[in-house]
Amino acid sequence: MLRRALCAALPALLALPALAQAQPAAAPFPSRTVTLIVNGGAGSLPDLFARPLAEKLHAALGQPVVVDNRPGAGGMVAMKQLKDSEPSGHTLAIITNAHAVWSPYIFPKLSYEPARDLLPVSPIAVLPMALVAHPGLGAANVAELVEKAKAQPGVLNYASSGNGSPPHVLFEFWRRQAGIELQHIPFKTGPDALTATLAGDTQLYFAGTALVEPMVRQQRLKVLAVSPQVDSPSFAGAPTLEQAGYPGFESAVWLGVAAPAGTPQPVVEQLNQAIGQALRDPGFIDTMRRNGSIPLHESAAAFAQRIAQERSHWGPQLQKLGILPD
């Protein structure tokens, strides 16, 4: 009986190597152009990092990396495009605290679920923020700004790159601490908000130092405070918000890269290593430091843990603020 069983199984056993050879091998990554989605227009803060990063990733991956600008709707346009893309690693997106942590507490009908749909790949940079004012406002420091705002409740205004964006959320936190009333003027993109503040159509902007550094250097904007302190001549004389009496802003905004959920872990690791290689490039480091940003690289697992911890920290605070879409 044993002999008959072995004889019956022999043809199947002999066929196994042929079957294994017949299975198609997994395509190497990357096998085509990689798309890097950016929630912001050309010249926006995320775009300033996405374009040099795309160049470095092209060199590291051996395939073209194109930037696809998708501003609007608090990042939902960009994040939904990422969510709906093939999870192969060929579509990525630049994300911030807003997309990965804050949005579920601000947008009742979010088109994606950050914890489910966004797969953290790597952080890119910590982004110190600068509270800047149009020179015509006549405020030399934060104390004078608060004094002016209290004398004219609801008259002064501030720009943001949209509801739920880092400038909006951080400004609302600071405004509540200061006990003042300001009008919020949301724009579609950071450059739009910056242009309005430069023109004096809006008076205040809480933006990444990378975005406003040229205008501060040219004295077209007055920097009132930064958070945290940055190693840049343009902001050397500016106090931090903590020094001005407003703690809690030291954990600056960050930028990172995410892939759609379901992207294979080996691909995520390859992308993480390529981003790490880009962030070690002396030219890239110099560019980031000149505009006040701080390069940051860590493993995909550590990045995911950072995001989870921030959700636990920021969630209750955002619920108290009660920020809602316009």
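Some points to look at:
- Pair list, Cβ < 9 Å and 6+ apart or interchain, from segment 281-309 residues that are under 13 Å from residue 128 (Cα atoms) to residues that are among the aromatic types (Phe, Trp, Tyr): 288/49; 292/235; 293/49; 295/284; 296/254
- Subset of segment 136-170 [touching a Lys or Arg at 6+ places or on another chain (Cβ under 8 Å), buried (at least 24 other Cβ atoms within 10 Å of the Cβ) and part of a helix (DSSP H, G or I)]: none
- Residue match in segment 283-302 (condition: open to solvent by 10 Å² or more (accessible area, probe 1.4 Å) and more than 23 Å from residue 50 (Cβ to Cβ)): yes
- Breaking point among (1) open to solvent by less than 10 Å² (accessible area, probe 1.4 Å); (2) more than 17 Å from residue 56 (Cα to Cα); (3) over 17 Å from the mean Cα position of the chain (by Cα), for residue 254: (3)
- Residue 246 among the hydroxyl-bearing types (Ser, Thr, Tyr), surrounded by fewer than 23 Cβ atoms within 10 Å (Cβ to Cβ) and at pLDDT 90 or above: yes
- Flag if residue 119 is of a type in the set (A, V, I, L, M, F, W, C) and either touching a His at 6+ places or on another chain (Cβ under 7 Å) or assigned to a helix (DSSP H, G or I) (or both): no
- Condition met for residue 289 (over 16 Å from residue 118 (Cα atoms), at pLDDT below 95 and in the same structural domain as residue 45 (by the TED database)): yes
- Against the criterion of being touching a residue at least 24 places away in the same chain (Cβ under 8 Å), more than 20 Å from residue 103 (Cβ to Cβ) and not charged (D, E, K, R), residue 170 does not qualify.
- Residue that is over 27 Å from residue 317 (Cα atoms), part of a loop (DSSP other than H, G, I, E, B), touching a Gly at 6+ places or on another chain (Cβ under 8 Å) and open to solvent by 30 Å² or more (accessible area, probe 1.4 Å), where the choices are 71, 28, 87: 87
- Residue within segment 171-191 that is among the acidic types (Asp, Glu), part of a helix (DSSP H, G or I) and surrounded by 21 or more Cβ atoms within 10 Å (Cβ to Cβ) present: no
- Hits in segment 200-220 - residues which are in contact (Cβ under 8 Å) with a residue 40 or more places away in the chain and either assigned to a helix (DSSP H, G or I) or closer than 25 Å to residue 51 by Cα (or both): 205, 206, 207, 208, 209, 210, 211, 212, 213, 215, 216
The values are calculated or read from the model by the stated rules, or taken from the named source; none is laboratory data. The model shown is predicted, which means the values in this text are computed figures rather than measured ones. Cβ: placed from backbone, ideal geometry, glycine included. Neighbour counts: every protein chain shown. Areas reflect the complete protein model, heavy atoms only, side chains present, ligands, DNA and RNA absent. Shrake-Rupley method; radii C 1.70, N 1.55, O 1.52, S 1.80 Å.
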